[in-house]
Amino acid sequence: MTIESEAPAASAAGAPARLAARTRNLRKVYGKTVAVDHVDLDVPVGAVLGMLGPNGSGKTTTIRMLLGLVLPTAGSVELLGHKMPEGAGWALPEVGALVEGPGFHPFLSGRDNLMRVAAAEPRLASKDIPRAVGQALERVGLSAAANRRYKGYSLGMKQRMGLASALLIPRRFVILDEPTNGLDPAGTREVRAVIADLHAAGTTVLVSSHLLAEVEATCTHVAVLHQGSVVAQGELTELLEAGDSGLLVSTPDVKVAVDALRDNRIPAREAPSGVHVDLAVTTAPDVVATLVRAGVAVHEVRRQRTGLEELFARLTESADQGAGLSEVDTFEEAR
Amino acid sequence: MTVAVDAPIVTEQRTKAPVGRLLRSELRFMIRRPRTLVALGVLAVAPVIAAIAMSVATTTAQNGNGGPAVESVASLVSGNGLILPVFLLLLSLAMLLPMLGAMWSADALAGESQTGALRGLLLAPVGRLRLLAVKAFGVAVLSLLAVVIVAVVSIVAGLAILGGDGMLTMSGNVLPFGESLGRIALLAALVTVQVWAVAAVALAISAATDHPLVVLASTLGGIIVFTILGNIPALDWLHPVLLTDAWESLGDVIRDPMPTDGMVNSVLRAVCYLVIGYSLALARISTKDG
């Protein structure tokens, strides 16, 4: 897990082949607007990385630079070990992407639209095109509507088309920019199922979203973008645990418990529902052992977990106040 | 949402899709577009209508109901059906064909960019130079198709409705049937090159915008401005660089013997515009955000 400031040197020394995508010092300026700045993003192979950030935080711009659609103002991009955009011919056939919504022609049917995309797909043999298109349509549940004009598709069906084109052939890396936009709850679940399938098959997935629950449900890794910079990235569970290293003890003997812990140099304080213990200098088993030795009646001990929402709010708000780094540094954990 | 995989989908390890497949796909896509079908349909019907109108005018004139002007036109056209393709090719070069070329160019990059479909091609990936080549090819083939439709339909309509088996030239003599067809083919080729030149410039504009209408408006606006400039004698020093200024000389195909200076000049100008248009388009598409 890395935080954007010092970490790059360390991970650059590691094997770059284990990263599906890597950006260093990425910067994009449109006119006078800095869209993305100092983005060092690492997407480990096999991960499902959720890219989080408020609207306008640079998620899509970063993805477009990853894919070579936009040239960075400064910095470097590696996609599946190939430098972008020069290595697009080698990297992109193995990458499926849905960026900035689906782009298809209204007067063609869903199938014909995909046939057109398939014709441009380097890895597809011409004779396999109809079969690949049929399978992709089936995978996203559009087989029944395949011969209707794209014009008449609902928003959700259009989004499925975008997914179908990203999944036209088996990929090593799938990038989905806001994949659940416009989908109903059933569609959202299906997208989750697709992501889970891909993950199970060993495919690396990058999903951008501003829906936190979405990311929490599907991702193994998270990168949080705010105002064009990565403010935190790493494994989801670690980020969540690092977010609050507290233990909540339910006990009727609150006073005794706090005293016993403080005698053992463990920071503790009274909390509404019992005792709150800071785990920065100790571990949960030690806390429990100390309490038991002091004869405290313990009803329940549980890890106080921050939801992603809280973590996200803290990261983006602290960055707003400009005092973010000390806060963020607490996420720098032992590797 | 699970798929039974019977055979591996990926059997190739190349970095580019075969170019023939891309070109076929592009042409199929362009030709199936409703606006293309309408445009080609209009091009196919217009010569027939023109032939019928001329035939009616001729008949009226022969009955002695028309004025002297109608009679002279009628005498030129009657039994001289092969003049119809020449007449229609020159007429459609003035506005209709350049407009279609510009429309196809506008759809090729700006239109695709607007729907987001261009991104799909770039992600496949289709290299940017290749993409431009495929698009330019599609526009060129359709422009050629449009000219061929005008020529062929008007030859048939002219012969069937106005009659005749030769071409009366502006010099007064009649060319035999075979040579007449040769002259028409030559004119069609010259017109095609001019449409390509307009379309190349339109493609450059198309690479620079996401709005197809901007392409169409600026290309047609350009042609109108060029035509006006070409009609101002005080600006004769400017005329040699105007593409439209050379179009008048294309009428030379119905002179006998045929002067070729103007035609060669028109082709050279068109080639200049082609080179400039494609160069600008390439420069722009290389850095265009997808």
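The values are calculated or read from the model by the stated rules, or taken from the named source; none is laboratory data. It should be emphasised that the depicted structure is a prediction, and the values quoted were computed from it without experimental measurement. Methodologically, a virtual Cβ is constructed for each residue, glycine included, from the backbone with ideal geometry; neighbour enumeration extends over all protein chains shown.
What do you reckon, is B:ARG14 modelled with pLDDT of 90 or more and surrounded by fewer than 22 Cβ atoms within 10 Å (Cβ to Cβ)?
It is false that B:ARG14 is modelled with pLDDT of 90 or more and surrounded by fewer than 22 Cβ atoms within 10 Å (Cβ to Cβ).
Output the residues belonging to the range B:167-197 that are without any contact (Cβ under 8 Å) to a residue 60 or more places away in the chain and buried (at least 23 other Cβ atoms within 10 Å of the Cβ).
Result: B:THR192, single match.
Just to be sure before I move on: is A:LEU168 at pLDDT 90 or above and out of contact with any His (no Cβ under 8 Å at 6 or more places or on another chain) in the structure I sent?
yes
Take the conditions more than 10 Å from every other protein chain (Cβ to nearest Cβ), outside any strand (DSSP E or B) and under 21 Å from A:LYS28 (Cβ atoms) and apply them to A:ASN147. Does it pass?
No, not satisfied.
Can you find even one residue in the range A:126-137 that is more than 8 Å from chain B (Cβ to nearest Cβ), acidic (Asp, Glu) and surrounded by fewer than 21 Cβ atoms within 10 Å (Cβ to Cβ)?
no
Considering A:ALA136, A:ALA186, A:ALA164, A:ALA217, which residue is over 28 Å from A:PRO54 (Cβ atoms) and within 22 Å of the chain's Cα centre (by Cα)?
Working: A:ALA136 fails: within 22 Å of the chain's Cα centre (by Cα); A:ALA186 fails: over 28 Å from A:PRO54 (Cβ atoms); A:ALA217 fails: over 28 Å from A:PRO54 (Cβ atoms).
Checking each option against the conditions leaves just A:ALA164.
Please specify each residue of the range A:232-260 satisfying the condition of being at pLDDT 85 or above and either touching a helix residue (DSSP H, G or I) at 6+ places or on another chain (Cβ under 8 Å) or closer than 26 Å to A:GLY53 by Cβ (or both).
Within the range A:232-260, A:GLN233, A:GLY234, A:GLU235, A:VAL249, A:THR251, A:ALA257, A:ALA260 meet the criteria.
Pull up the range A:268-285, narrow it to residues that are of a type in the set (Gly, Ala, Ser) and either under 32 Å from the mean Cα position of the chain (by Cα) or assigned to a loop (DSSP other than H, G, I, E, B) (or both), then point me to the one that is surrounded by the most Cβ atoms within 10 Å (Cβ to Cβ).
Ranking the candidates gives A:ALA284 first.
Going through the range A:286-301 one residue at a time, which ones are surrounded by 12 or more Cβ atoms within 10 Å (Cβ to Cβ) and either touching a Phe, Trp or Tyr at 6+ places or on another chain (Cβ under 6 Å) or outside any loop (DSSP other than H, G, I, E, B) (or both)? Break it down stepwise before answering.
First, the residues of the range A:286-301 that are surrounded by 12 or more Cβ atoms within 10 Å (Cβ to Cβ): A:286-292, A:294, A:296-298, A:301.
Those that are surrounded by 12 or more Cβ atoms within 10 Å (Cβ to Cβ) and either touching a Phe, Trp or Tyr at 6+ places or on another chain (Cβ under 6 Å) or outside any loop (DSSP other than H, G, I, E, B) (or both): A:ASP286, A:VAL287, A:VAL288, A:ALA289, A:THR290, A:LEU291, A:VAL292, A:VAL301.
Determine, yes or no, whether A:ARG123 is touching a residue at least 24 places away in the same chain (Cβ under 8 Å) and either over 16 Å from A:LEU176 (Cα atoms) or under 20 Å from the mean Cα position of the chain (by Cα) (or both).
For A:ARG123, the condition - touching a residue at least 24 places away in the same chain (Cβ under 8 Å) and either over 16 Å from A:LEU176 (Cα atoms) or under 20 Å from the mean Cα position of the chain (by Cα) (or both) - is met.
Considering each residue of the range A:196-215, count those that are in contact with a strand residue (DSSP E or B) (Cβ under 8 Å, 6 or more places away or on another chain) and either surrounded by fewer than 23 Cβ atoms within 10 Å (Cβ to Cβ) or not in a helix (DSSP H, G or I) (or both), and give that number.
Selection size over the range A:196-215: 12.
For A:PRO170, are the conditions met, namely being of a type outside the set (A, V, I, L, M, F, W, C), within 9 Å of chain B (Cβ to nearest Cβ), closer than 25 Å to B:VAL19 by Cβ and not in a helix (DSSP H, G or I)? Let's see the steps before the verdict.
Numbers: of a type outside the set (A, V, I, L, M, F, W, C): yes; within 9 Å of chain B (Cβ to nearest Cβ): yes; closer than 25 Å to B:VAL19 by Cβ: yes; not in a helix (DSSP H, G or I): yes.
Yes: the conditions hold for A:PRO170.
Keeping to the range A:216-231, report how many residues are crowded, with 24+ Cβ neighbours inside 10 Å and touching a Gly at 6+ places or on another chain (Cβ under 6 Å).
The total comes to 3.
Just checking, does the range B:43-61 include any residue being within 14 Å of chain A (Cβ to nearest Cβ), loosely packed, with under 14 Cβ neighbours inside 10 Å and modelled with pLDDT of 90 or more? Don't jump to the end; show me each part of the working.
As a first pass, look at the range B:43-61 and keep what is within 14 Å of chain A (Cβ to nearest Cβ): none.
Within the range B:43-61 (the criterion being within 14 Å of chain A (Cβ to nearest Cβ), loosely packed, with under 14 Cβ neighbours inside 10 Å and modelled with pLDDT of 90 or more), the answer is no, since none of the residues qualifies.
Would you point out which residue out of B:LEU229, B:LEU243, B:LEU280 is over 29 Å from B:PHE177 (Cβ atoms), surrounded by 14 or more Cβ atoms within 10 Å (Cβ to Cβ) and touching a Phe, Trp or Tyr at 6+ places or on another chain (Cβ under 7 Å)?
Only one candidate qualifies: B:LEU243.
One residue is enough: does the range B:203-216 have a residue meeting the conditions within 14 Å of chain A (Cβ to nearest Cβ) and surrounded by fewer than 20 Cβ atoms within 10 Å (Cβ to Cβ)?
Yes - at least one qualifying residue is present in the range B:203-216.
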